[in-house]
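Shown next, in structure tokens, is the structure this report addresses.
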Amino acid sequence: ATKPGTILASNTSGIPITKLGESVTDPGRVVGMHWSNPPHVIPVIEVIRGEKTSQEAVDLTWALVEKIGMVPAEVKKDIAGFVENRILYAIMREALHLLDEGVASAEDIDKITKWGIGYKLAVIGPLELLDMAGLDIYTAVASYLNENLSNNPGISSTVTSKVEAGQLGIKTGGGLFEYTPEKIQELQQKRGRLLLGTKK
């Protein structure tokens, strides 16, 4: 039980905030506060508004995020995946499509993403990037490229075959890449070090 007026914030990335609000007498105090992994390093926290979330709940959550030195961003509509996961899954779907089609290896797809797209996106968002490139240029390229991008609503065949074979990624020692215990430890340490360096 909580006191009346207590803000109830959820870190869910899958359950709609509106749905969570249905289980309390005052859904106005239910808000999303979605952290990213690793949460102590990734600075952005999505503040998600359910259909009945009050402005006060949003404002108090926003202020808390700022107070703890993180970066708040409001998600105004309670949609599946919110904003971060929708953009991330769109990138992963296209990367997997390119892998399925044999366009490039897993190593090279990741290399291009990290050192091309990721390098740019670390300092400028995709919508700012559109303005910098020119909306006319985007319109010209998107007019033929968009229809060639994957819109597969299903799961990549590469992923489904790996799952069926019990190759789930780091936790099983292999997935899209192969991992030794030493490699796993090295990757985890490297990820934390590089993310902290970027944050500074």
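The values are calculated or read from the model by the stated rules, or taken from the named source; none is laboratory data. Predicted model, so just to flag it, every value in this text is computed and none were measured. Note: ideal-geometry Cβ built from the backbone for every residue, glycine included; neighbour counts use all protein chains shown.
Please determine whether any residue of the stretch 132-139 is at pLDDT 95 or above and in contact with a helix residue (DSSP H, G or I) (Cβ under 7 Å, 6 or more places away or on another chain).
Taking every residue of the stretch 132-139 in turn, at least one turns out to be at pLDDT 95 or above and in contact with a helix residue (DSSP H, G or I) (Cβ under 7 Å, 6 or more places away or on another chain).
Could you give me the residue pairs with C-beta distances under 7 Å whose first residue belongs to the stretch 121-134 and is closer than 17 Å to Ile91 by Cβ and free of Cβ contacts under 8 Å to residues at least 12 places away in the same chain, whose second residue is of a type in the set (Ser, Thr, Tyr) and part of a helix (DSSP H, G or I) wherever it lies, and which are 6+ apart or on separate chains?
Pairs that qualify, where the first residue is closer than 17 Å to Ile91 by Cβ and free of Cβ contacts under 8 Å to residues at least 12 places away in the same chain and the partner is of a type in the set (Ser, Thr, Tyr) and part of a helix (DSSP H, G or I), are Leu130/Tyr138.
Taking the stretch 1-46 as the region of interest, how many residues are in contact (Cβ under 8 Å) with a residue 60 or more places away in the chain and more than 23 Å from Val71 (Cβ to Cβ)? First the steps, then the outcome.
To start, the set of residues in the stretch 1-46 that are in contact (Cβ under 8 Å) with a residue 60 or more places away in the chain comprises 13-14, 16-18, 38, 41-43.
Going one step further and asking which of them are more than 23 Å from Val71 (Cβ to Cβ), we end up with 16, 18.
So the answer is 2.
Tell me, yes or no, whether the stretch 62-70 has at least one residue that is touching a Phe, Trp or Tyr at 6+ places or on another chain (Cβ under 7 Å) and at positive phi.
no
Name the residues in the stretch 1-47 that are buried (at least 16 other Cβ atoms within 10 Å of the Cβ), of a type in the set (A, V, I, L, M) and more than 24 Å from the chain's Cα centre (by Cα), would you?
Residue satisfying the conditions is Ile7 alone.
Are any of the residues in the stretch 19-36 within 30 Å of Val123 (Cβ to Cβ) and either part of a loop (DSSP other than H, G, I, E, B) or of a type in the set (D, E, K, R) (or both)?
yes
Mind counting the residues in the stretch 137-172 that are touching a residue at least 60 places away in the same chain (Cβ under 8 Å) and of a type in the set (A, V, I, L, M)?
1
Considering every residue within the stretch 49-68, establish whether at least one is acidic (Asp, Glu), over 23 Å from the mean Cα position of the chain (by Cα), in a loop (DSSP other than H, G, I, E, B) and at pLDDT 95 or above.
no
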